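Right, one structure below, let's go through it.
The values are calculated or read from the model by the stated rules, or taken from the named source; none is laboratory data. Because the structure is predicted, anything quoted here is derived from the model rather than measured. Here the Cβ positions follow ideal geometry from the backbone for every residue, glycine too, while neighbour counts run over all protein chains shown. Keep in mind that these areas ignore ligands, DNA and RNA; they rest on the heavy atoms of the full protein, side chains included. Shrake-Rupley method; radii C 1.70, N 1.55, O 1.52, S 1.80 Å.
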Amino acid sequence: MVQAWATDYIRFEKLGVWQQDLRHEIRRRCRQLEPVRGQVLHAEFFGEKLPNADVENLALYNIDTFRTPGRYGIRFEYGRDVQPAAEGAEYRFGYRYALAPRSGSFTHWREVRPLASFGWTDLGAFTGEKKLAQVWRAIARGDNEVGEPLTAGAPFAVCVEVRPPIGLGREPVWGGLVKGIFDGVICAFQAHWGPLPPRENLERLAEQLGVPVEDLEALLDDPPWSVLGEVPGLVSAYRGGVKWAPSDHLCVAGELLAADPAPGEDHWAITGRIVEVAR
């Protein structure tokens, strides 16, 4: 287990020297966590977070890709109150990283009810920078199951398994894929509210994805699975393309489990579920 305490949280950029040093030390020590098959990295962030802050950013993205400890998957969650440090000192923020059973569960949240689920869904080659959009389109076009909509403002968790293609030739760095995958899943179950970005912006995204622009317009105009509710400006114009703004700040827990490649399968695939959670 690796634990750290701080008077402020570690941001992605514009860090003070002590924050850079702390991040470096967390990275160094976490590289010593060597999982065996059947173990995943369990990452926890403790302390008051801003209302629009994302737990996966605070616990993972702002820190590292966790290539070594997250080799077989990553579980993350927003913890309860910060516990005192070993010497008894109290701090505003805390981090904890430990190896845990793949079959384990969240420590600080319990499942209330299922919101949505989706079976194995083809992600294609899953290359390039637009991984969020690739996941969104693949799942939004799928044959999914949804329950009653999420209560406005209620927290939820996302649990997925991801299967790389056979013969990939390299070990996926799951920590580097968490943000794009989770944001894409959440976008697939939310509805865009407001005017769509200009057509030329959507055309650029369609070109990058290699799909007809009409396909994207149809999914945004009439989202079939919006169990997570409407979001003003879910997708908006940005630098000639688009940017996405899902309500991922309400995703307080999640897990990405690595699945073995399917024989003969040359595409990536994903399956998963979304559940409402409570303390």
Of the residues in region 62-78, those that are touching a strand residue (DSSP E or B) at 6+ places or on another chain (Cβ under 7 Å) and either among the aliphatic types (A, V, I, L, M) or under 15 Å from Leu41 (Cβ atoms) (or both) number 9
Taking Ala53, is it surrounded by fewer than 19 Cβ atoms within 10 Å (Cβ to Cβ), hydrophobic (A, V, I, L, M, F, W, C) and within 30 Å of Val231 (Cα to Cα)?
yes
Return the residue satisfying two criteria in turn: it lies in region 155-185 and is modelled with pLDDT under 95 and not basic (Lys, Arg), and of such residues it is surrounded by the fewest Cβ atoms within 10 Å (Cβ to Cβ).
Gly169
Here are some residues: Leu15, Leu22. Which one is open to solvent by less than 90 Å² (accessible area, probe 1.4 Å), in a helix (DSSP H, G or I) and farther than 20 Å from Glu255 by Cα?
Leu22
Of the numbered conditions (1) in contact with an Asp or Glu (Cβ under 9 Å, 6 or more places away or on another chain); (2) on the phi > 0 side of the Ramachandran plot; (3) small (Gly, Ala, Ser), Ala157 fails exactly one; give the number of that condition.
(2)
Among the residues of region 189-209, what is the count of those that are in contact (Cβ under 8 Å) with a residue 60 or more places away in the chain and surrounded by 22 or more Cβ atoms within 10 Å (Cβ to Cβ)?
1
How many of the residues making up region 225-279 are farther than 17 Å from Pro114 by Cα and part of a loop (DSSP other than H, G, I, E, B)?
16
Given the conditions (1) of a type outside the set (Lys, Arg); (2) in a helix (DSSP H, G or I); (3) out of contact with any helix residue (DSSP H, G or I) (no Cβ under 9 Å at 6 or more places or on another chain), which single one is not true for Pro195?
(2)
Quick check on this structure: which one of Glu44, Glu56 is within 16 Å of the chain's Cα centre (by Cα), more than 22 Å from Ile270 (Cβ to Cβ) and outside any loop (DSSP other than H, G, I, E, B)?
Glu44
Just one of Val36, Val2, Val40 is surrounded by fewer than 18 Cβ atoms within 10 Å (Cβ to Cβ) and of a type in the set (Val, Ile, Thr); which is it?
Val36
Residues satisfying the stated conditions in region 132-141, i.e. in contact with an Asp or Glu (Cβ under 9 Å, 6 or more places away or on another chain) and either open to solvent by 20 Å² or more (accessible area, probe 1.4 Å) or closer than 17 Å to Ala259 by Cβ (or both)
Leu132, Val135, Arg137, Ala138, Arg141
